[in-house]
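Just so you know, all these numbers are worked out from the coordinates, no wet-lab data involved. Because the structure is predicted, anything quoted here is derived from the model rather than measured. Methodologically, a virtual Cβ is constructed for each residue, glycine included, from the backbone with ideal geometry; neighbour enumeration extends over all protein chains shown.
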Amino acid sequence: MIRGYAIVLFTLFLIENVCAIYCGHDNCVTARDIPLLSKLNAPLKAELDISSLTSQLKDVIRIEVKTAMNDVVENTLDQTAHTAVDRLQTSNAIAISIFRQKIEAELEEKLEKDYEFLMKKQDLSDTKMHDSLTIMGNKLDGEIEQLKGKQHFTESKLSVVESEVNRTTEIVAITSCVLDTHTFNGREIINFSDVKLSNGIENVKKFKSSGTFICEKQGIYLVGVYIMSYTKEAHFEIMKNGIIVSRVKVRPDLGSTEDNYHTGTGIIAVQLNANDTLNIQAGYRKMEVYGGGYSCLTVIKVK
């Protein structure tokens, strides 16, 4: 490009300083005056027609100028384009960086909000779960208490039923006789001290010493007693809690001596509760009671 500038400048200088133009009949002739010297140093003058050369030079100059201008334009455009591209790249880089920072900030803010929301939701879920578990636990405790109450009630009923079953199925019985023949005063308790059989009775010794049966287990009892005596108008009474429940005549008032020995028998069912008493007492007169197995008392719990 420098070479082109030099040619253009040289040509313009040459045209300005050397060229002479002659025009005639509308035809211009470009002539050049070139000073010459002879061998004798005499001045000579030569006229050279350079019209065609000038035309060629103009074409060359036009091409060179056009080429130079194109180069200048291209270089300018290249520099402008490069500058614009650099500026655009820088601007894009800055914009992208700002946009990325903005997106990252927004994303970070959104993540923080989402995290806080999730934590609050988690806290609410934990609270709800804790409340639900507390309610379920309280409900379960209440149901357990109800079940315990029902179990206790059922056990109580079972205990009552078991006691009733045991009470109705257990065997309570005693058979005891008058040991030796003995005369008892009127209204005196006849003592059956010779125990033949005892089952389900704890205080047998007291019965043997007092002649009174004390009920330990409530129920219906069958009382059977027979007594032999020769005393006239002899009779005995079955007593419950000191009250007469039955009378039995042993021997009527007869004058014959052949009918001196008689046996009176009494059988009765009574309802006895715990601690009720049961005994046999002589009638309103003295009476002799034969022992040795002739006079005995049996008490049996039947239900």
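Using θ = phi - 60° in the Karplus curve 6.51 cos²θ - 1.76 cosθ + 1.60, the 3J(HN,Hα) couplings for the stretch 200-211 round to x, 10, 8, 9, 6, 4, 5, 5, 5, 7, 9, x Hz; x is entered for Gly and Pro.
Residue separation times 0.36 nm, minus the C-alpha to C-alpha distance between Phe153 and Lys205: what's the value?
Working: separation 52, 0.36 × 52 = 18.72 nm, distance 3.90 nm.
Stretched out fully, the Phe153 to Lys205 stretch lengthens by 14.8 nm.
Could you give the length gained by full extension between Glu145 and Ser91, i.e. 0.36 nm per residue of separation minus their alpha carbon distance, to one decimal place? Could you put the intermediate results ahead of the total?
Numbers: separation 54, 0.36 × 54 = 19.44 nm, distance 7.83 nm.
Extending this stretch completely gives an extra 11.6 nm.
Once you've got the Cα coordinates, tell me which of Lys157/Lys208; Lys196/Lys303; Lys157/Lys240 are over 28 Å apart.
Details: Lys157/Lys208 37 Å; Lys196/Lys303 22 Å; Lys157/Lys240 32 Å.
Check vs 28 Å cut-off fails for Lys157/Lys208; Lys157/Lys240.
Across the stretch 290-295, computed HN-Hα scalar couplings (Karplus, 6.51 cos²θ - 1.76 cosθ + 1.60, θ = phi - 60°) run 7, x, x, x, 8, 9 Hz from first to last residue, x flagging Gly and Pro.
What is the sum of charges around Ser229, taking Lys and Arg as +1, Asp and Glu as -1, for the other residues whose C-beta is under 9 Å from the C-beta of Ser229? It would help to have the intermediate numbers written out before the result.
Details: positive: Arg251; negative: Glu288.
So the environment of Ser229 carries a net charge of 0.
Spin-label pair Val302-Met129: with each label point 7 Å from Cα along the Cα-Cβ axis, the two points sit 7.2 nm from one another.
Judged by the gyration tensor of its Cα atoms, with axes a ≥ b ≥ c, the stretch 173-301 is prolate; a/c meets the 1.5 cut and a/b is the larger of a/b and b/c.
Work out the FRET efficiency for Glu116 and Met136 from their Cβ-Cβ distance, taking R0 = 41 Å, and round it to the nearest 0.05. List each step's numbers first, then the result.
Values: r = 30 Å, r/R0 = 0.72.
Working from the Cβ atoms, E equals 0.90.
Listed values for the stretch 263-279 are Karplus-derived 3J(HN,Hα) couplings in whole Hz (6.51 cos²θ - 1.76 cosθ + 1.60, θ = phi - 60°), namely 10, x, 10, x, 10, 8, 9, 9, 8, 10, 9, 4, 6, 5, 10, 9, 8, and x replaces Gly and Pro. Remark: spin-label model distance Thr67-Ile267 equals 16.4 nm, labels positioned 7 Å along the Cα→Cβ axis. Straight Cα distances below 19 angstrom link Lys120 to the lysines Lys110, Lys128, with same-chain residues fewer than 8 positions distant left out. Would you please classify the overall shape of the stretch 152-237 from the alpha carbon gyration tensor, given that a ≥ b ≥ c denote the square roots of the eigenvalues, rounded means a/c under 1.5, and beyond that prolate means a/b larger than b/c while oblate covers the rest? Judged from the Cα gyration tensor, the stretch 152-237 comes out prolate (a/c at least 1.5, a/b above b/c).
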